[in-house]
Amino acid sequence: MKRLLTHTALAAGLLCTAWAAQAQTVTLKVHHFLNAQTIQHTTMLKTWCDNIAKDSNNRLNCQIYPSMQLGGTPAQLYDQARDGVADVVWTLPGYTAGRFPKMEVFELPFMMTNAEATSRASWDYFEKHAQDEFKDVKMLGVHVHGPGNIYTAKKQVKTLADIKGLKLRGPTRQTTKLLAKLGATPVGMPVPQVPDALSKGTIDGAVIPYEVAPSIKIDELAKFTAEPDRNDNALYTSLFVVPMNKAKYDSLPADLKAVIDKNSGREFSAFLGKTQAGNDVPGKEKLIKGGHTITVIEKAELENWKKASASIDDEWIAEMTKKGLDGAALYKDAQALIQKYSK
């Protein structure tokens, strides 16, 4: 009888433990570097948080911290996800130059067709070739933004010659290489630093997409926009990642892990890219209302830009090859994946 009672108590204890695990409510700390009015905060990350809450019957929730409210700098966000300072972050791996070189292929000049297709391609490429670069985290999504433009405060850019000598901000290693090849003096910095640098004259301009321009006062601090012809591939784009702390993910019960998995991957990546690029339209409209002079750089002129920057692809391939990888094969596969999803 005593043994029966012991077994019954043990079984009851196990049931209680299982029930407690199933009833567990988890609030994820989500951290990013843009302000709370940006589409990244209000739509991209919030939609993901709403979806995991719905799919988990509100057992998974988020607290989103904008503008680096948990401390640190944008360049430290990836490590914050790795180390558990935050549970999930949204950031650019390119803010730590050269640390994730295989994924830089999507930031090479004139590589991107459109953000949705290239985001799908970047996820597939990540799964196939670059998981080792992000082995310390649980990756949720990988995406790019819409076509980048050149914004200048005083000098209008119409041709390649107009770029020569301008101090232009670039977000990542490959984009600063591009600016140097075009004749500019590249200045690498995270996007939150751009307004102060422009207002003080530390830089003459910056390359960013339309969607983020109003949030950093480009409509007020610059006068000219050079918009590469949208019938061609993008002059440049930047790669973003949404990593999750691996220990946090591993600590979740199986059903909550399944919710995270359901809301991760290629389609989440495509949603992020499409949504961010979709905000280019109102961003451009605000610049026009602010009196910006927008110059479309036609395809014929862009051929000069392509020739000037053509060696960047070869340099990236050579760098990968030096690391013992087949750089040419990686480059071709990235191109093929982009074309696959651009059809």
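Derivation of every value follows stated rules applied to the coordinates shown; laboratory data play no part. In this text, all values refer to a predicted model and were calculated from it rather than measured experimentally. Ideal geometry is used to build each Cβ from the backbone, glycine not excepted, and the neighbour counts take in all protein chains shown.
If R₀ is 45 angstrom, what is the calculated FRET efficiency for the pair Ala180 and Thr42, using the beta carbon separation as r and rounding to 0.05? It comes out at approximately 0.80. Take every Cα pair under 8 Å whose residues are at least 6 apart in sequence, average their separation, divide by the length of the stretch 155-272, and the relative contact order is 21 percent. Centre-to-centre separation between the Cα atoms of the stretch 196-256 and those of the stretch 23-53: 18 Å.
Tell me the relative contact order for the chain as a rounded percent, counting alpha carbon contacts under 8 Å between residues six or more apart. Please report the intermediate quantities before stating the final value.
Details: 651 pairs, mean separation 84.0, N = 343.
That works out to 24 percent.
The GluC sites (Glu not before Pro) of the stretch 272-338 meeting both criteria, a DSSP state outside H, G, I, E and B (loop) and at most 14 other C-beta atoms within 10 angstrom of the site's C-beta, are Glu298.
Label zone of Ala97 (point 7 Å out along Cα→Cβ, amide N under 20 Å): in the stretch 188-206 this covers 188-198, 202-206. Just how far, in whole angstrom, is the stretch 277-343 from the stretch 114-192 if you go by their alpha carbon centroids? Between the Cα centres of the stretch 114-192 and the stretch 277-343 lies a distance of 8 Å.
Could you tell me which helices of the chain pass both thresholds, a Cα extent of 24 Å or more along their own axis and a mean Kyte-Doolittle hydropathy of at least 0.5, with helices taken as whole DSSP H runs? Helices meeting the span and hydropathy rule in the chain are 2-23. The simple Förster model, with R0 at 25 Å and r as the Cβ-Cβ distance, assigns Glu267 and Gln339 a FRET efficiency of 0.85.
Its alpha carbons give the chain an Rg and a Dmax of 22.5, 93 Å.
Calculate the tail of P(r) for the stretch 198-343: the fraction of all Cα-Cα distances greater than 28 Å, expressed in %. Considering the stretch 198-343, 42 percent of its Cα-Cα pairs are separated by more than 28 Å.
With each run of n ≥ 4 DSSP H residues scored as -39500 (n - 2.57), what mean residue ellipticity at 222 nm is computed for the chain after dividing by its residue count and rounding to the nearest 500 deg cm²/dmol? Show your work: numbers first, answer last.
On the way: 15 runs with 151 residues, N = 343.
Per the formula, -13000 deg cm²/dmol.
Picking from Asn279, Met320, Ala254, whose Cα lies most toward the positive end of the charge dipole for the stretch 214-325 (charges on Cβ: Lys, Arg +1; Asp, Glu -1)? Farthest along the dipole direction, towards plus: Ala254.
More than 13 Å apart: what percent of Cα pairs in the stretch 68-120 qualify? It would help to have the intermediate numbers written out before the result.
Numbers: 890 of 1378 pairs.
The share of Cα pairs beyond 13 Å in the stretch 68-120 comes to 65 percent.
Considering only beta bridges that DSSP places wholly inside the chain, some 45 percent are antiparallel.
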